[in-house]
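The structure under discussion appears below in the form of structure tokens.
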Amino acid sequence: MQKPAVDATTDRGPHSAAAATERLCIATREVRPVGELIRFVAGPDGAVVPDLKRRLPGRGVWVTARRGAVEEAVRRRAFGRGLKTDVKAAADLPEVLDRLLEQSALDALSIAHKAGLVVLGFAKVEAAVTAGPVVALVRARDAGAEGGRKLAAALRRRADRTMDGKIVEAFTSAQLDLALGRLNVVHAALLAGRTSETFLGRWQILESFRADDPGDRGLGSRQPNDNVPEPGS
């Protein structure tokens, strides 16, 4: 275990949070890069509030982006000690945070789509995988298995692939419909670009958070050469 950095337990506000490269998790007492942590502040009503964008005012504390770490922080009442004030951490904070992380990722996917970096439709996705700089396949987790296997195989066959694209299966078709403004979205290809990187970054935090929850296994990214069976196979 790493030793806590000086004054790493809390930050003095969003400017301090933005300048930090690592912080101390109040649950595990380990110093981690801020990209692996979630910031929390005390809301006006004294409730613990997740600050996913690290912009909310006031003193902040940090927790490893894992469901188990957040549950431990709630159980040990670590938020109050870290924030040095009487705060209330709701028992359902992990569930609330899961929904916020999920929506944050879907919002980023919507922005990537508006930037022209999301290809929709099976045939177009297959063509993009063959010819373009695809960084991820996004597939509805409630979709049938066969199409997903075919696209994953196409991604593996890409002779000019310089990076391993990811296979994202964290969202239902209904969620993808809302995020992308289309009906019956099952498959999508994510092209290289800044907004795509933002989506993948937010989604990877969601994946990390859900890794502790047995009910969410298999909802994360996979490399195209992983020997993981398709859902329903």
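The values are calculated or read from the model by the stated rules, or taken from the named source; none is laboratory data. Quick caveat, the model's predicted, so the values are computed rather than measured. Note that each Cβ is placed from the backbone with ideal geometry, even for glycine, and that neighbours are counted across all protein chains shown. SASA here: full protein model, heavy atoms, side chains in, ligands and nucleic acids out. Shrake-Rupley method; radii C 1.70, N 1.55, O 1.52, S 1.80 Å.
Before moving on, here are some points about what is shown:
- Residue within region 162-175 that is out of contact with any strand residue (DSSP E or B) (no Cβ under 8 Å at 6 or more places or on another chain), farther than 17 Å from Gly201 by Cα and modelled with pLDDT under 90 present: yes
Per-residue answers, yes or no, for (1) in a loop (DSSP other than H, G, I, E, B); (2) open to solvent by 20 Å² or more (accessible area, probe 1.4 Å):
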| position | (1), (2) |
| --- | --- |
| Ile167 | no, no |
| Ala174 | no, yes |
| Asp177 | no, yes |
| Asn184 | yes, yes |
| Ala188 | no, no |
| Thr195 | no, yes |
| Phe199 | no, no |
| Glu207 | no, yes |
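- Among the residues listed as Ala112, Ala108, Ala123, Ala131, the single one being among the small types (Gly, Ala, Ser) and crowded, with 22+ Cβ neighbours inside 10 Å: Ala112
- Some residue of region 71-84 being open to solvent by less than 10 Å² (accessible area, probe 1.4 Å), at pLDDT 95 or above, farther than 30 Å from Val138 by Cβ and in contact with a Leu (Cβ under 7 Å, 6 or more places away or on another chain): no
- The lone criterion from (1) under 22 Å from Leu200 (Cβ atoms); (2) of a type in the set (Lys, Arg); (3) at pLDDT below 95 left unmet by Arg59 is number (1).
- Options Arg54, Arg77: the member that is on the phi > 0 side of the Ramachandran plot, under 20 Å from the mean Cα position of the chain (by Cα) and of a type outside the set (A, V, I, L, M, F, W, C): Arg54
- From the list Ala128, Ala91, Ala123, the one residue that fits, being under 22 Å from the mean Cα position of the chain (by Cα) and either of a type outside the set (Val, Ile, Thr) or outside any strand (DSSP E or B) (or both), is Ala91.
- Of all residues in region 6-26, those that are of a type in the set (A, V, I, L, M, F, W, C) and surrounded by 15 or more Cβ atoms within 10 Å (Cβ to Cβ) have Cβ atoms under 6 Å from Cβ atoms of residues that are in a loop (DSSP other than H, G, I, E, B) and modelled with pLDDT under 75, 6 or more apart or on another chain, in Leu24/Pro4; Leu24/Ala8; Leu24/Thr9.
- Evaluation of Asp107 against (1) part of a loop (DSSP other than H, G, I, E, B); (2) at pLDDT 95 or above; (3) of a type in the set (Asp, Glu) (one fails), failing number: (1)
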